[in-house]
Amino acid sequence: VLINAGAKVITSCTVTLTLSAPGSPYMQLSLDGGGTWNAWEPYVAAKKVTFAAGDGTKTVQAKFRDFTGNMSGIASASASYARVKAPAAITTIPIADTDGTYSVIWSASTTTGVTYLLQEATNDTFTTGLRTAYSGAGTGANITLRTKGLSYYYRVQAKKAGLEASSWTPGANGCNVGAPAAPASITV
C-alpha cells in the first residue's frame, strides 16, 4: 500500500492509496494505524480516502482476503501531515469609512515563512463580490477605491508550500463605505 504514490509528506488529508494485491477480491482498510477497521470491500488498485483532521503522522493499514477466507498479513504506509496555522484574528477593520481608503490588519500565523491571502466580499457569507484584496507576506493591506454605499467584509488565510493552507479567519465586522454621517445636533 502506498499513500500518494509513496509520498512521505502529504499536503492534504485527502489522499490516493495505491493497493497491490493481485488475485485478492477483498480488502479491508484502517485509516488510524489499526485502531479501527472499515468493513471488507471489493479490492481496487487505487482508492481516494480522507484521514482524520489534525497534524501528525497519518498511517493506513490494509488487509486482503481471497474467496476462501485466507487473509494476508497487514501492509501499511505512513506519511507526515501538517496544516498551516491560521491567523488568530483580523485585528483591524474600520466599521465605517467615508472615502473608500482604509487598512485591514491581521495577526501573524504561528507557522513561519507563510504568505497570506486576504479575500473581500460585499456580503458576510463571501458569495457576492468575492475577490482577492491582497496576497503577500505582510500582515496588513491598504484598501483603496472602494465604492461608496457598499459594505466590505474580509477573511484571511495563511499558505506555505508543502503544507495544506490554513482555514479562513473572518473579520468581526464589515466596513461600511459611505458619505460622512450628518451631525447629531447643531449648537448656535
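Residues that are at pLDDT 95 or above, under 29 Å from ASP55 (Cβ atoms) and open to solvent by 40 Å² or more (accessible area, probe 1.4 Å) do occur in the range 110-124.
Name the single residue that is modelled with the lowest pLDDT among those in the range 161-188 being surrounded by fewer than 19 Cβ atoms within 10 Å (Cβ to Cβ) and part of a strand (DSSP E or B).
Filtering the range 161-188 down to residues surrounded by fewer than 19 Cβ atoms within 10 Å (Cβ to Cβ) leaves 161-162, 164-165, 167-168, 170, 172-173, 176, 178-188.
Pick out the ones that are also part of a strand (DSSP E or B) and you get 164, 170, 176.
Working: GLU164: 83, PRO170: 93, ASN176: 93.
Looking at the filtered set, the residue picked out is GLU164.
Output the residue which, of all residues in the range 1-35 that are β-branched (Val, Ile, Thr) and open to solvent by less than 30 Å² (accessible area, probe 1.4 Å), is nearest to ARG83 (Cα to Cα).
At the first step, the residues of the range 1-35 found to be β-branched (Val, Ile, Thr) are 1, 3, 9-11, 14-16, 18.
From the residues that got through so far, the ones that are open to solvent by less than 30 Å² (accessible area, probe 1.4 Å) too are 3, 10, 15.
On the way: ILE3: 17, ILE10: 10, VAL15: 14 Å.
Selected residue: ILE10.
Could you please let me know if ALA158 is surrounded by 13 or more Cβ atoms within 10 Å (Cβ to Cβ), modelled with pLDDT under 95, within 22 Å of the chain's Cα centre (by Cα) and closer than 26 Å to CYS13 by Cα? Considered against the rule, which asks whether it is surrounded by 13 or more Cβ atoms within 10 Å (Cβ to Cβ), modelled with pLDDT under 95, within 22 Å of the chain's Cα centre (by Cα) and closer than 26 Å to CYS13 by Cα, ALA158 comes out as no. Considering every residue within the range 84-92, establish whether at least one is β-branched (Val, Ile, Thr), in contact (Cβ under 8 Å) with a residue 60 or more places away in the chain, under 24 Å from SER12 (Cβ atoms) and open to solvent by less than 80 Å² (accessible area, probe 1.4 Å). Looking through the range 84-92, at least one residue is β-branched (Val, Ile, Thr), in contact (Cβ under 8 Å) with a residue 60 or more places away in the chain, under 24 Å from SER12 (Cβ atoms) and open to solvent by less than 80 Å² (accessible area, probe 1.4 Å). Can you run down the residue pairs with Cβ atoms below 6 Å, 6 or more apart or on separate chains, where the first is in the range 53-79 and open to solvent by less than 40 Å² (accessible area, probe 1.4 Å) and the partner is charged (D, E, K, R)? As it stands, the answer is ALA79/LYS8; ALA79/LYS58, since those pairs meet every condition given.
Taking the range 108-132 as the range and being farther than 16 Å from LYS160 by Cβ and not in a strand (DSSP E or B) as the test, the residues that pass are THR122, ASN123, ASP124, THR125, PHE126, THR127, THR128, GLY129, LEU130.
The values are calculated or read from the model by the stated rules, or taken from the named source; none is laboratory data. All values derive from a computational prediction rather than experimental measurement. Reconstructed Cβ throughout: ideal geometry from the backbone, glycine too, with neighbour counts over all protein chains shown. Side chains are part of the model used for accessible areas, which takes the heavy atoms of the whole protein and leaves out ligands, DNA and RNA. Shrake-Rupley method; radii C 1.70, N 1.55, O 1.52, S 1.80 Å.
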